[in-house]
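Quick one: this structure, given as structure tokens, is what I'll be asking you about.
The values are calculated or read from the model by the stated rules, or taken from the named source; none is laboratory data. Note that the structure is predicted; figures quoted are calculated from it, not measured. Glycine also receives a Cβ, built like all others from the backbone with ideal geometry; neighbour counts cover every protein chain displayed.
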């Protein structure tokens, strides 16, 4: 009885410390929301207002008025990137996990090496190629470039997942005379639902957050994603930080939604490949 | 795995014609499933990389870039960047930024992972909240940090003032800009370290701790004798991924300081980005040379990791 009491007391202490630590970690996020609700004339108050006692939505009105097209562009680019990533990495993951192709080791190495290439280098290569193909400043060019952030991850994750599908399940399909394609489509794909969700979430989030490709391949375009929208906003009016922070809050919404709705997929994605059992 | 494929080849070799035909179609099927990836890697990785090497070996002026008649200059671009004043500065900044970032991220991530290791009330929710910095778009984090560290109106300076510390120009003075972007980058990287190290901790058998507890080992001893040694492989991969990721960071520095003032926060990646895209006058050839240098550094780090892992298993 006494030990149990001590235990809850100790874990209560841990919860309290955990709340404080999370508060410190998330302070910048709180501050972003706080500033986004501050009146323009209060931005220069000294000391700064710790809490938006009389909040204003001027910032949000500004943000939506100016950045709505950019948000739509980012949404489209994110979805396009998900499609490209899945189309390339799903069959490849299946082949590597199940069909024992030649050159598996070489591909493994290439996929790891691909992730070491700095985005600046990729951006210069893409710039040179797109200049010739007329793909600079297009949404399509950006979708393809953004997909390079997610394809190696997608292949490695699908491969790891599909290698875990019991052999009997696939063998049963072979006896039924299903072609490999049919087995892939009607057995492997439905079973891989969770890993498809994980890869799609990350592909979307990375494309939505991309700044380097947007600022290099799309820099003189009228159709820009939200990241570039915020960057130009900062460059244009450094006094309207409430509007900038309001745009930042809106740009963070997909991340927030993902965190609430899909936390287990996120944790699965971060640890994939990094920790071996 | 290996023995399995051996018996497999043996069986196939012994089998009749039909079987070997089946195997051949099997190979074609595998190739068909892999084809999109292979085409993708060739067009969107290999070719841009080749173009990048090509850029670094020619003298591409913006005009030559469009017309495609740049002069071949061999290793001149590499010689030029190695003897540039910016090079040593950028190399030093890259080393400081990268090593300070991954060391602090790892230490904080590990401390938090150990803290969260045993479940307590709300631990799941709190752990999820720690993921937030990692999920936010970098432009959001970078602009938020810019405002936090703003000289006149930033909350950080306001808080320091309360302790009698005068105004610090975090982003605009050469003495602190590298420190400022490093702090922001550490904040960004903690969640990744926490998640991976936490998952690694879950794989350590709990009876080890129980046995150590029976032997009278305290928390610190349990950490140094069990947790830390058994976590070594996970720690190595975490540090390697952190290194590779931090070497290529552009966004956060570019958005906060643009590498300034006066190159004070210019890393190799920032230098490359600035030469190619940061000014009105794009200078792709030296930018590509710097970029290739970065790949080389990441590659060497990767090889060192493979070496360490081999020693571990040997």
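Of all residues in segment A:106-155, which are at the interface with chain B (Cβ under 7 Å from one of its Cβ atoms), within 28 Å of residue A:191 (Cα to Cα) and buried (at least 24 other Cβ atoms within 10 Å of the Cβ)?
Hits for segment A:106-155 are A:148, A:151, A:155.
What is the residue count in segment A:156-175 for residues that are within 12 Å of chain B (Cβ to nearest Cβ), within 21 Å of residue A:209 (Cβ to Cβ) and crowded, with 22+ Cβ neighbours inside 10 Å?
0
While we're on this one: Could you tell me whether segment A:41-63 includes any residue that is surrounded by fewer than 16 Cβ atoms within 10 Å (Cβ to Cβ), within 29 Å of the chain's Cα centre (by Cα) and either more than 9 Å from chain B (Cβ to nearest Cβ) or more than 30 Å from residue B:39 (Cβ to Cβ) (or both)?
yes
Still on this structure: What number of residues within segment A:155-188 are over 18 Å from residue A:200 (Cα atoms) and under 26 Å from the mean Cα position of the chain (by Cα)?
2
For segment B:102-144, how many residues meet the condition of being modelled with pLDDT of 90 or more and surrounded by fewer than 18 Cβ atoms within 10 Å (Cβ to Cβ)?
3
So which of B:46, B:64 is in a helix (DSSP H, G or I) and either within 22 Å of residue B:247 (Cβ to Cβ) or under 23 Å from the mean Cα position of the chain (by Cα) (or both)?
B:46
Go over the candidates B:170, B:147 one by one and state the one that is more than 12 Å from chain A (Cβ to nearest Cβ), buried (at least 21 other Cβ atoms within 10 Å of the Cβ) and without any contact (Cβ under 8 Å) to a residue 24 or more places away in the chain.
So the residue among B:170, B:147 that is more than 12 Å from chain A (Cβ to nearest Cβ), buried (at least 21 other Cβ atoms within 10 Å of the Cβ) and without any contact (Cβ under 8 Å) to a residue 24 or more places away in the chain is B:170.
Now for a separate question. Taking residue A:73 as meeting all but one of (1) under 22 Å from the mean Cα position of the chain (by Cα); (2) over 23 Å from residue A:240 (Cα atoms); (3) without any contact (Cβ under 8 Å) to a residue 12 or more places away in the chain, write down the number of the exception.
Every listed condition holds for residue A:73 apart from (3).
Looking only at segment B:52-96, how many residues end up being in contact with a strand residue (DSSP E or B) (Cβ under 8 Å, 6 or more places away or on another chain) and within 12 Å of another protein chain (Cβ to nearest Cβ)?
So the count comes out to 3.
Residue-by-condition table, conditions (1) more than 9 Å from chain A (Cβ to nearest Cβ); (2) modelled with pLDDT of 85 or more; (3) surrounded by fewer than 24 Cβ atoms within 10 Å (Cβ to Cβ); (4) in a helix (DSSP H, G or I):
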residue	(1), (2), (3), (4)
B:199	no, yes, yes, yes
B:209	yes, yes, yes, yes
B:225	yes, yes, yes, yes
B:229	yes, yes, yes, yes
B:236	yes, yes, yes, yes
B:240	yes, yes, yes, yes
B:255	no, yes, no, yes
B:259	yes, yes, no, no
B:271	yes, yes, no, yes
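Do you know which residues across segment B:28-44 are more than 7 Å from every other protein chain (Cβ to nearest Cβ) and either more than 26 Å from residue A:125 (Cβ to Cβ) or exposed (fewer than 15 other Cβ atoms within 10 Å of the Cβ) (or both)?
B:28, B:32, B:35, B:39, B:42, B:43
What number of residues within segment A:233-275 are on the phi < 0 side of the Ramachandran plot and either surrounded by fewer than 16 Cβ atoms within 10 Å (Cβ to Cβ) or modelled with pLDDT under 80 (or both)?
So the count comes out to 25.
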